Amino acid sequence: MAIHYQQEEGIFTLHTKHSTYQMKVDAFGFLLHLYYGGRINGSMDYLLTYYDRGFSGNPSNAGQDRNYSMDVQPQEYPVMGTGDFRNTALILRNEEGIVGCDLRYVSHKISQGKYGLKGLPAVYASEDEAQTLEILLEDSVSGVQVQLLYGVLEQEDIITRSVRITNHGNGSIMVEKAASACLDFLSGDYDLLSFWGRHAMERNLQRREIVHGSHVIGSRRGTSSHQYNPAVILAGKGATEDYGNCYGLVFVYSGNFMCEAEKDQFEQTRVLMGLHSDLLHYPLGEGESLVIPETILSFTDKGLGELSLQFHRCIRDHICRGKYRDQPRPVLLNSWEASYFHFSGESICKLAEHAAALGMDMVVMDDGWFGKRDDDNSGLGDWQVNERKLGCTLGEMAERIHGLGVKFGIWIEPEMVSEDSELYRQHPDWAFQIPGRTPIRSRNQLVLDFSREEVRGFIFDRICEVLDQGAIEYVKWDMNRSIAEVYSAENAPGRAAYDYVLGVYDFLEKLLQRYPDILIEGCSGGGGRFDAGMMYYTPQIWCSDNTDAVDRIRIQYGTSFLYPISTVGSHVSAVPNHQTGRSTSLHTRGVVAMAGTFGYELDPAKLTEEEKEEVKEQIRKYKRHAELIRKGDYYRLSNPFKDAYAAWEFLSEDGSRVLLHVVMLEIHGNMPVNYVKLKGLKRDALYEDGGTGKRYYGCALMEAGMPMPMVSGEYAACEVELIMVQEADAD
Ligand code: GLA
């Protein structure tokens, strides 16, 4: 049993293999947080202390006792209005504009299996892999009920949290702020690791001490955003890749989010993860509910590397779904950087011929095949195949491509509309725009109101008509702007941003139900919606529009802290690179793209014969290692923001196969030798280097490392493949 309840003490204990989470219903019915960290026994309520604190109010239940205050007590779900003046998880306003809520314990339920969330992505697990705890809290004055949901995946060291808010009172209430997770720490110094970025340079790691005051990251862009990823790590001071306490919080949501970290007046730390409060003004009529998207929590005392592994396994096996969760992903050739908008059916078929000759599995026709779309100023919304441009029907193209033994995929951007489109001319009110104001354009396009069933239903039907024309096996789902005006002609403004995201999920779910064999790759100008919410529908996401191998090393490094390699869309592109103008060798580009789903984004006709041979070899190699890369444990072996080289390792589950990749980031005369230390190997096992035939003990490779060969030229890469030849020392 992962979940225990001690009735006399009112204590709930959630155990995973290596962690414990504990909370308590106290004498007044408040749900206090007691502990989250390494696995422990017994009750942790001895940690609670009570002192008279000036300017910290006392609830009336405490009577004359001035030592009890919500401003000080660690809480499970702190609410604005109880005398807690820190950042709170929930703010509710009633019809008179009054903010006030006082949640007390009512009941709870423990059940086998993991709860699901209607219309929202969430961690899933089989009945015997997980347990669920539901705790019901109520504000007796307003009649508002808050259901706290906890899912425990014991073996995975995962605890999930979600919240359902229901208005059982008279009259409506407004939800103005709502988080799904709160972590209160009574003591300790922590750093907050967050992942900031911009278009074409996503998920740079920032590590910052949590000090007094509030550190806030989030997105108001309607998507999870390039700028701040909805996933953070709380690391004990001094925690490293290999040592120390680390907590991860990953929000399973693709829209506006907010994460707040605060050290309070008594040196206590609070971290919240939830919906962004700006633009949220969600009305709940009598009997109505709002579900706050799930936050996945995980803890380890073994440093950042172990925390990453825990999240990789959870997202790979309990978020990603569908046929491609466990199957090899196709090595694809995407037309975007090969020809941008300038292609024909003939030229795409030519790409397919090259793909077949080089050993690739699929060709993808990117943006430009529909409506009037020869640049990015028109055509979005008109999902009719432009047969004039292609010179044939989509069905004919698919047939030709399939005839070559190559799969066929297409690009779509269903959430958008160009003002220069038939759709916009017929339905201008289907786009988000505020009456009386001129719209904010971005990439010269507007956002369709996907909070409306009618709008997404229409687009869904058009997209299905296309997909039905010729056995399409892959769809790249793009989203190429931030949402500036959240105004829906049908839905209240304060709910449109949330309802929009649920509309996107609804569309994706229906698409998956209808086409279970199609692989959908997510994309939002590269990695602008790279989040666990999307991964529930799209098991891989184009990681960045930046295909430069050196920048990609850093982008993929940041991404790897919380997201598995199987989700990282990565391709080899041409040089000089189209985003940076930098040239790197084909070898290096191949090595970097292999830390992901692997594919190509170039015109093979421009490759020399020698390069073509190298590409063939890369593909053979990738396919040989595909399972190790997709399912193996991934270790960061250096910090490419600081170190002279980037190094990472894939290790098979049984520890018998290792793939080590190293890229030199600095080159100087008479270089010192770099010794790369491997991780996770079996200490006493003997490993053989597939290239040199040399043998090493696991402990030696981990303690002293492996000398890297002397290389010349910028950004040289090397690959080492190790196979375990002897499990334990014979003597
Ligand atoms: C976005 C994507 C690119 C490409 C273009 C097409 O920028 O990230 O990969 O598909 O759109 O317009």
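The values are calculated or read from the model by the stated rules, or taken from the named source; none is laboratory data. Here the structure is a predicted model, which is why all the values come from computation and not from measurement. For neighbour counting, all protein chains shown are included, and Cβ atoms are generated from backbone atoms with ideal geometry for every residue, glycine included. For the accessible areas, the whole protein counts, side chains as well, though only heavy atoms, and no ligand, DNA or RNA atoms are used. Shrake-Rupley method; radii C 1.70, N 1.55, O 1.52, S 1.80 Å.
When the Cα convex hull of the stretch 659-731 is projected onto planes of every orientation, the mean area is 5.2 nm². Scan the chain and hand back the longest stretch that contains none of the chymotrypsin sites (Phe, Trp or Tyr not before Pro) lying in DSSP loops with at most 13 other Cβ atoms within 10 Å. It works out to 267-640.
Of the beta bridges in the chain, as assigned by DSSP with both residues counted there, near 85 percent are antiparallel.
Note on Arg325/Glu609: beta-carbon distance plugged into 1/(1 + (r/R0)^6) with R0 of 30 Å gives a FRET efficiency of 0.20. The stretch 148-206 and the stretch 522-577 have Cα centres spaced 23 Å apart. For the stretch 618-684, the alpha carbon convex hull comes to 117 Å³ per residue, rounded to a whole number. The H on the amide N of Gly705, modeled in the peptide plane, is under 5 Å from the matching H of Leu678, each at least 5 residues off or on a different chain. Here is the list for the stretch 232-313: trypsin sites (Lys or Arg not before Pro) lying in DSSP coil, each with at most 16 other C-beta atoms within 10 angstrom of its C-beta, are Lys237. Atom-type composition of the exposed protein surface of the chain places 48 percent of the accessible area on carbon and sulfur (1.4 angstrom probe). Taking every pair of Cα atoms in the stretch 1-106, average 1/r, invert it to obtain the Kirkwood radius, and report Rg/Rh to two decimals. On the Cα set of the stretch 1-106, Rg over Rh gives 1.01. Working from Cα pairs under 8 Å separated by at least six residues, relative contact order for the stretch 380-481 is 42 percent.
Shape analysis of the stretch 489-619 yields a ratio of the Cα radius of gyration to the Kirkwood radius, Rg/Rh, of 1.07. Quick one: Debye curve from the C-alpha atoms of the stretch 86-136, no solvent, what's log10 I(q)/I(0) at q = 0.20, 0.30 Å⁻¹? For the stretch 86-136 at q = 0.20, 0.30 Å⁻¹, log10 I(q)/I(0) is -0.89, -1.08. Taking all protein chains into account, the per residue accessible area for the stretch 243-286 stands at 27 Å² (1.4 Å probe). The modelled label-to-label distance for the pair Phe28/Asn639, using points 7 Å beyond Cα in the direction of Cβ, is 4.3 nm.
List the aspartates and glutamates whose Cα sits under 19 Å from the Cα of Lys114, skipping any in the same chain fewer than 8 residues away. Once the sequence-local aspartates and glutamates are set aside, what remains near Lys114 is Glu127, Asp128, Glu129, Glu134, Glu154, Glu156, Asp157, Glu294, Asp317.
Computed over the stretch 83-182, the convex hull of the alpha-carbon atoms projects to a mean area of 7.4 nm². Kirkwood's formula applied to the C-alpha pairs of the stretch 307-447 gives a hydrodynamic radius of 17.4 angstrom. The C-alpha atoms of the stretch 435-538 occupy a region whose extents along the principal axes are 44, 28, 25 Å, arranged from largest to smallest.
Remark: relative contact order (the stretch 316-471) = 22 percent; criterion is Cα-Cα distance under 8 angstrom and separation of 6 or more residues. Our analysis of the stretch 541-684 gives Rg over Rh at 0.96, with the two radii drawn from alpha carbon positions and Rh computed by the Kirkwood formula. Remark: relative contact order (the chain) = 10 percent; criterion is Cα-Cα distance under 8 angstrom and separation of 6 or more residues. Applying both filters, DSSP loop and at most 15 other Cβ atoms within 10 Å, to the GluC sites (Glu not before Pro) of the stretch 181-273 gives Glu267.
If a/c stays under 1.5 just call it rounded; otherwise compare a/b with b/c (prolate if a/b is bigger, oblate if not). Do that for the chain, with a ≥ b ≥ c from the square roots of the Cα gyration tensor eigenvalues. It comes out oblate by the Cα gyration axes. Computing FRET efficiency as 1/(1 + (r/R0)^6) for Ser712 and His342, where r is the C-beta to C-beta distance and R0 is 30 Å, gives about 0.20. Diffusion coefficient (Stokes-Einstein, Kirkwood radius over C-alpha pairs, 20 °C, 1.002 mPa s) for the stretch 137-284: 127 µm²/s, rounded to a whole number.
With a Cα cut-off of under 20 Å and a minimum spacing of 8 residues unless on different chains, the lysine pairs in the stretch 525-668 number 5. For the stretch 48-131, the Cα-based Rg and Dmax, in that order, read 17.7, 50 Å. Taking all protein chains together and a 1.4 Å probe, the residues Ser712, Ser335, Ser111 rank Ser712, Ser111, Ser335 from largest to smallest accessible area. Show which lysines lie in cross-link reach of Lys389 when reach means a straight Cα distance below 22 angstrom and same-chain residues fewer than eight apart are skipped. Within reach: Lys350, Lys372, Lys407, Lys476. Heavy-atom accessible surface of the stretch 312-395, averaged per residue, reaches 33 Å², computed with a 1.4 Å probe. Note on Phe55 and His668: their simple-model spin labels are 5.2 nm apart, each label 7 Å out from Cα toward Cβ.
Calculated FRET efficiency, Glu134 to Ser214, Cβ-Cβ distance, R0 = 41 Å: about 0.85 to the nearest 0.05.
Taking all C-alpha pairs of the stretch 361-415, those more than 17 Å from each other amount to 38 percent.
Across His668, His402, His281, the residue with the most accessible area heads the list, and the full order at a 1.4 Å probe is His668, His281, His402.
Per residue, the stretch 426-491 exposes an accessible area of 42 Å² to a 1.4 Å probe, with every protein chain left in place. Taking the Cα centre of the chain as origin and assigning +1 to Lys and Arg Cβ atoms and -1 to Asp and Glu Cβ atoms, the resulting dipole is close to 660 debye.
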